[in-house]
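Enquirer: There's a structure below that I have some questions on.
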Amino acid sequence: QAARAASIARDPATATAMAQQTATAALGSDNVTCAQLSVSTDTAQFQPGGLVAVTVTCTVSLSDLTGLRLPASESISSRFVEVVDTYRSAT
């Protein structure tokens, strides 16, 4: 969802902001609580028909799971690439 939101933005700064906002909202609506959330947006090829990539990393706390010899937290990361809307003007 974050990569798609970034792909329809008009400029790289807005794409980055939209990716952050969308990732936060999507995780919240799924009741996912991140101890630390990182949203990295690669806008190096941000132009109509180009690419935008978004990597979302969520560090989740495992401290509630006692007796399982798990680390205190675990980071889960996912990266998606979307084509920037060809008919959207970009600056």
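Enquirer: Can you tell me which of (1) touching a helix residue (DSSP H, G or I) at 6+ places or on another chain (Cβ under 8 Å); (2) free of Cβ contacts under 8 Å to residues at least 12 places away in the same chain is the one Ala17 doesn't meet?
Expert: (1)
Enquirer: Please enumerate the residues belonging to segment 17-36 that are closer than 16 Å to Ser78 by Cα and in contact with a Ser or Thr (Cβ under 7 Å, 6 or more places away or on another chain).
Expert: Ala19, Cys34, Gln36
Each reported figure results from applying straightforward, stated rules to the coordinates on display, with no laboratory input. Computed from a prediction, not measured in an experiment: that's the story for all the values here. Cβ atoms come from the backbone with ideal geometry, glycine included; neighbour counts cover every protein chain shown.
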